[in-house]
Amino acid sequence: MKLVSSMDAVACSRLVTISCDASLVDAAKLLAATQISLVVVCNYDGVMVGVITKTNLVQEIGRCGESACMTAAADVMTRNVTYCRSTDCLPDVLSMMGKRGFVHIPVVDEHCRPLGVVNARDALRALMADEKYEASLLRDYVMGVGYR
């Protein structure tokens, strides 16, 4: 079974963090400069305390208008975060993401420090690559390739 850890390099490259006392403008700048729609909010010890999504930003600006620019990230973030660990099975994580409608999910260690962010598209690609490899092995076995 393929684990989330098989995607460590990609997940790590998608990780964007911000401190809980940063402004919403800072979060918006990070989200605008990346290909993801999730920023992990961390306390001073580097522990994940929430996430901010592009949806959080739009909702806050829609509710508060220009005054939202002065809002702290901690006031807007989602606190009850669904996350996964490197040791979780990737198909299970992808299935859970689909059921909950998530495109991104943070990967955390045993102390809830962020290690990366799994993107559903990346996870699906990783699983499909395994299937293609297994299909290729099976085809070679049936055809006798490499067994002469």
On the accessible surface of region 1-102, probed at 1.4 Å with all protein chains in place, carbon and sulfur together account for a percent value of 54
Convert each backbone phi in region 81-97 into a coupling constant with the Karplus relation 6.51 cos²θ - 1.76 cosθ + 1.60 (shift: θ = phi - 60°), then list the ³J(HN,Hα) values in order as whole Hz, x for Gly and Pro.
8, 7, 9, 9, 10, 4, 8, 6, 6, 4, x, 5, 5, 4, 4, 5, 4
Zone reached by a paramagnetic label modelled 7 Å from LYS99 Cα along Cα→Cβ, restricted to region 75-93 with backbone N below 12 Å, covers 92-93
With each pseudo-label sitting 7 Å past Cα toward Cβ, what's the ARG85-ASP21 distance in nm, one decimal?
3.2
Inter-site label distance for ASP92 and ALA9 at 7 Å from Cα along Cβ, in nm
2.6
Once Lys and Arg get +1 and Asp and Glu get -1 on their Cβ, which of LEU57, LEU38, SER6 lies farthest toward the positive end of the dipole of region 1-68?
SER6
Vicinal HN-Hα couplings computed from phi for region 33-42 (Karplus, 6.51 cos²θ - 1.76 cosθ + 1.60; Hz; Gly/Pro x):
9, 10, 9, 10, 10, 8, 10, 8, 9, 10
Counting only DSSP loop positions in region 41-98, the trypsin sites (Lys or Arg not before Pro) whose Cβ has at most 10 other Cβ atoms within 10 Å are ARG79
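The values are calculated or read from the model by the stated rules, or taken from the named source; none is laboratory data. Treat the numbers as computed from the prediction; the structure is a model and nothing was measured. Note that we place each Cβ from the backbone using ideal geometry, even for glycine, and neighbour counts take in every protein chain shown. With ligands, DNA and RNA removed, areas are computed over all heavy atoms of the protein, side chains included. Shrake-Rupley method; radii C 1.70, N 1.55, O 1.52, S 1.80 Å.
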